[in-house]
Structures are given as structure tokens and as C-alpha cells.
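Structure, as C-alpha cells:
The values are calculated or read from the model by the stated rules, or taken from the named source; none is laboratory data. Keep in mind it's a predicted model, so treat the numbers as computed, not measured. Note: ideal-geometry Cβ built from the backbone for every residue, glycine included; neighbour counts use all protein chains shown. These area figures cover heavy atoms from the full protein model, side chains too; ligands, DNA and RNA do not enter into them. Shrake-Rupley method; radii C 1.70, N 1.55, O 1.52, S 1.80 Å.
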Amino acid sequence: MRVVFDICVPRPLRKHLPGHEIRTAQEMGWDTLQNGDLIRVAEPLFDVLVTSDQNLKYQQNLPERKLAIVVLPTNFMPEVLRLAPKVAKAMAEIHAGDFVEIEAD
């Protein structure tokens with residue numbers, strides 16, 4: 001699966017998601033893009049966007065998107081890494097257009 005991490009997602013999470021082609025918004029040169037623009041440019045190239053932007057579902061018209069979105073409850077690296085198994089499970093089950101919010105324990 002082709003995955004892009006929003007700028008707010010800690011990069012070390014990628015080590016916990018084997019089997020996926022993961023790039024960051026920074027690596028793609030998209031670190032200045034806001035969510036709507038990021039989704040628009042990422043959608044033709046990626047299958048999943050991982051973000052910690054809790055307001056994304058209120059800001060964008062997500063039901064019409066093909067890009068699946070995984071929302072983390074935080075961008076605090078120790079917590080994100082602790083939740084990595086939940087993220088990996090979500091990634092294994094996600095489909096185009098899905099919106100999955102990972103819940104903190």
C-alpha cells in the first residue's frame with residue numbers, strides 16, 4: 001500500500017508498518033500544503049494519508065474521496081509508537097475512501 005504521512009506524523013512510525021511504501025509530506029515537497037491541497041495532490045499517488053489532524057473530518061468533503069485516511073489521536077512520538085499495532089491493524093483492513101480514527105488507550 002502506498003502511504004503518505006502528513007507533516008505532523010512522527011517519521012519513526014514507518015518502521016512499525018512493514019510492507020507499505022511510505023513517504024512523508026516533507027519528502028514529497030508538500031510540507032507547506034494545507035489539508036485540502038495535500039489530499040488533492042496525494043490522492044492520485046497514494047492509497048492512504050496518515051495524519052494527526054483531528055479536525056480533518058470537519059474541514060473536508062471526505063465521502064467523495066478515494067484516498068483512505070487514518071487519523072492518529074496525537075502526534076506525541078512515544079504515544080504514536082505505542083499505538084503502532086492499532087495503526088498497522090487499521091492499515092491491513094482499510095479500503096479506498098475509508099476514514100479511520102485510531103483511539104488512544
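A few points about this structure:
- Cα-Cα separations in the chain greater than 25 Å, expressed as whole percent: 8 percent
- The chain - percent of accessible surface contributed by carbon and sulfur, probe 1.4 Å: 51 percent
- Accessible solvent surface per residue of the chain, calculated while the other protein chains remain in place, 1.4 angstrom probe, Å²: 55 Å²
- Chain lengthening between ASN75 and ASP98 when straightened (0.36 nm per residue, less Cα-Cα): 6.2 nm
- Candidate residues THR32, THR74: accessible-area rank, largest first, probe 1.4 Å: THR32, THR74
- The calculated FRET efficiency for ASN35 paired with ARG82, based on their beta-carbon distance and R0 = 35 Å, is about 0.90.
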